[in-house]
1. So how many Lys-Lys pairs in the protein assembly as shown land under 27 Å Cα to Cα, not counting same-chain pairs under 8 apart?
2. GNM, chain B, Cα, under 10 Å: largest mean-square fluctuation among B:Thr121, B:Thr29, B:Thr104?
3. For a footprinting-style exposure proxy, rank A:Asp63, A:Asp185 by other Cβ within 10 Å, fewest first.
4. Could you tell me what % of all Cα pairs in chain B have separations over 29 Å?
5. Across the Cα atoms of the range A:42-98, what radius of gyration and what greatest pairwise Cα-Cα distance (Dmax) are found, in Å?
6. Using a 10 Å cut-off around each Cβ of peptide B:56-65, what is the average number of partner chain Cβ atoms that fall inside?
7. Can you pull the mean other chain C-beta count within 10 Å for peptide B:24-31?
8. What is the projected area of the convex hull of the Cα atoms of the protein assembly as shown, averaged over all directions, in nm²?
Amino acid sequence: MAERFRTASSGSLFLDAPTLGAKTVLFVALAIVMMMIDRREGALGAVRSTLEVVVYPLQLAVDAPSSFGRWVGENLASRNTLLERNAGLSARELEAASLLQRMAALEAENTRLRELMGSSARLEQKVAVAEVLAVDLDPFRQRIVINKGSNAGAYVGQPIVDANGIMGQLASVSPFSAQAVLITDASHALPIEVNRTGLRSIAVGTGDIDRLELPYLPNNADVREGDLLVSSGLGGRFPRGFPVGVVRKVTRDPGKAFAVIEAAPAAQLNRSREVLMVFAQFAFVGPPAPAPQGGAEAAKP
Amino acid sequence: MITRRPKNLGFLIGGFIVALALEVLPLPTWAEPARPAWVVCALIWWCLNSPQRVNVGTAFALGIVLDVLKGTLLGQHALALTLVAALAARFHLQLRVFPLWQQTSLIGVLTLLAGVVLWWTDGISGQPGNLALRLPTVVTTALLWPWLVELMRSLARRSETF
């Protein structure tokens, strides 16, 4: 072995240079081809999710100190702090329970009205809790890693939310973990509506963790500062009616066709430790299917 | 520069795993642009000291792992690291005999190359990028280099006594 190594290294004095060049060209070409394929969503998903399994232990190891710190903090919390927190939580629980009571009645009424209108009722949504790993990803992208994967039923495109609103969706899923794109990532856009008026648009991420943009609304659109934006459910990926953000600034330049509208995301994108994965089962939102006209026509696939 | 070097494979792999972990270690947001390019640093060290074993192939594999780890487009870091490793391995004889300060500044140049490749591929794939935010890394990586050289030298010396 040592013999071979020596001959290789001594021979390489003259032979290595072209080999190195050829290898460089090969790997550069391979990297470029991979980037081109990976830009098409999901084409290299299998490769990525396999490698994600490989790097998951590393991510867990990096996460370990901070989760250990949290564990220590929880265990060393004083009795008074716990009592205080407990009292606060009971009060909030009571409040939430009273709201839920009204919610049940409203939901029943909503279902009845929808039936009257002939539109399909919204289906129930299941959620599962996942934890965000304390791992820093590329600082120029808005992504997080969560500790639930396809073993827990996660799937690519699954919406994730926190207590305050929509956070993003899963971009790649391995058996034990998943990577999510946040709504503020520059490659992300989601269909929203203005809660006050029902005006629909698209909220596009900017790459800034606390800024969304609504670039497709005309200057005369009825949008004001402080308007709540909720998901519209169009596109069928995000459930309808979850808060997305609050309009922060509206700039109308008469010389331009579109208003510049800035919104602050509702979810705590860089502070949430726990996130909810929504198993959305929605009814299709869109125009009703055309009624069958004749027997022969309707039988056609 | 370095006459004795560790030949141990575990040493090599362990070093790269530590470098990968340091690349994703959580930092406060303000410090994030100044995170040293640990993997670039480790890769250059091995390319200079063992260019037959560690060169573009290792760089490509490391780059793919880093892409998965950091959630970038598959191939971005692979491309950047391959180019850096190619230059470091091609000029390892010259780089090895440079004085430390000169070496340090060239490490900065190689890190800048990696940063420019990442910025450029980000731009092509439609991600907004800011080259100025990639500059602090260049400085911190260059500052890291003399310490890394010293650390590896002492480790190599110790491993030889075993």
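1. 4
2. Result for chain B, Cα springs under 10 Å: B:Thr29 fluctuates most.
3. Numbers: A:Asp63 20, A:Asp185 24.
Least to most surrounded, the residues fall as A:Asp63, A:Asp185.
4. I get 14 percent for the Cα pairs in chain B exceeding 29 Å.
5. Cα only, the range A:42-98: 19.8, 54 Å (Rg, Dmax).
6. Numbers: counts 10, 4, 0, 4, 8, 1, 0, 3, 6, 4.
Per-residue shielding by partner chains comes out at 4.
7. Mean inter-chain Cβ contacts per residue within 10 Å come to 5.
8. Over every viewing direction, the Cα hull of the protein assembly as shown projects on average to 32.4 nm².
Read-outs throughout are calculated quantities, based only on the coordinates presented, and are distinct from any laboratory measurement. What you are looking at is a predicted structure, and each value in this text was computed from that prediction instead of being measured. Virtual Cβ from ideal backbone geometry, glycine too; neighbours counted across all protein chains shown.
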